[in-house]
1. Rounded if a/c is under 1.5, else prolate if a/b is larger than b/c, else oblate: which is the stretch 135-178, with a ≥ b ≥ c the root eigenvalues of its Cα gyration tensor?
2. How much mean residue ellipticity at 222 nm does the chain get from its helices, if each DSSP H run of length 4 or more adds -39500 (n - 2.57) and you divide by all residues, to the nearest 500 deg cm²/dmol?
3. How do 50-57, 155-162 rank on mean C-beta neighbours within 10 Å, highest first?
4. Find how much the distance from Ala54 to Thr137 grows on full extension, using 0.36 nm per residue of separation minus their present alpha carbon separation; answer in nm with one decimal.
5. Choose one answer from Arg33, Arg11, Arg133: the residue with the largest mean-square fluctuation in a GNM of the chain with alpha-carbon springs under 10 Å.
6. Read phi for every residue in the stretch 119-131 and hand back ³J(HN,Hα) as whole Hz from Karplus 6.51 cos²θ - 1.76 cosθ + 1.60, θ = phi - 60°, with x for Gly and Pro.
7. Report Rg(Cα)/(2.2 N^0.38 Å) for the stretch 84-178, keeping two decimals.
8. State, in angstrom, two size descriptors of the chain derived from its alpha carbons: Rg to one decimal place and Dmax to the nearest whole number.
Amino acid sequence: SGGVADAKNLRVKLVLLGDSGVGKSCIVLRFVRGQFDPTSKVTIGASFLSQTIALQDSTTVKFEIWDTAGQERYAALAPLYYRGAAVAVIVYDITSPETFNKAQYWVKELQKHGSPDIVMALVGNKADLEEKREVPTHDGIDYAEKNGMFFIETSAKTADNINQLFEEIAKRLPRPSS
Ligand code: GDP
Ligand code: MG
């Protein structure tokens, strides 16, 4: 389901879910292109971007990253989008409790309707806006722990923890037995 590979080269479909404006597209562009553009309306559209990373055991993981073109506003379309995904990255904005609530909605939705072996990461983005923080770090940690997810706070703006996010996901992928 979403993971195609030989033992050493994995290829996985990754989707990002979360409210509009939390920084999903910026996280993708930071990871894939090393860029952050605060002025542009970045939305990648219907196609996907890919990025390959190498792990220490010489496994490579090619992420096929699906960004939404604002379809996150239409919950009914979501199943089309996350179908077959091996990884779901659920993003909220640490300055917005509303987006943290919405992230929890997405977790429940994926637990009900996602692939049973999906790897889920909970991401508190905009960690550079510490002075505006309204979601305490431990709320994210607690929720992720209760739901068996990986948790990290990131900043697409400063690049803080962006590579770590994808590396940690890669380490958690189920490996095909060889
Ligand atoms: P999306 O709707 O979830 O794809 O969100 P975008 O990636 O389009 O980002 C929405 C807005 O948040 C844009 O104005 C970005 O410049 C801003 N943004 C995204 N990531 C960060 C971040 O890590 N820190 C700050 N300060 N702003 C961010
Ligand atoms: Mg977007």
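1. oblate
2. Here the helix-only value at 222 nm equals -9000 deg cm²/dmol.
3. In decreasing order of mean packing, 50-57, 155-162 become 155-162, 50-57.
4. Extra length available between Ala54 and Thr137 comes to 27.0 nm.
5. Among Arg33, Arg11, Arg133, the largest GNM mean-square fluctuation belongs to Arg33.
6. Coupling constants for the stretch 119-131: 8, 10, 10, 9, 10, x, 8, 6, 5, 5, 8, 3, 5 Hz.
7. Normalised Rg, Cα atoms only: 1.09.
8. Computed over the Cα atoms of the chain, radius of gyration and Dmax are 15.2, 49 Å.
Taken together, the values in this text are just the output of simple stated rules run on the coordinates, not laboratory data. Since the structure is predicted, the reported quantities are computational estimates derived from the model, not experimental observations. In this analysis, Cβ positions are derived from the backbone assuming ideal geometry, glycine residues included, and neighbour counts consider all displayed protein chains.
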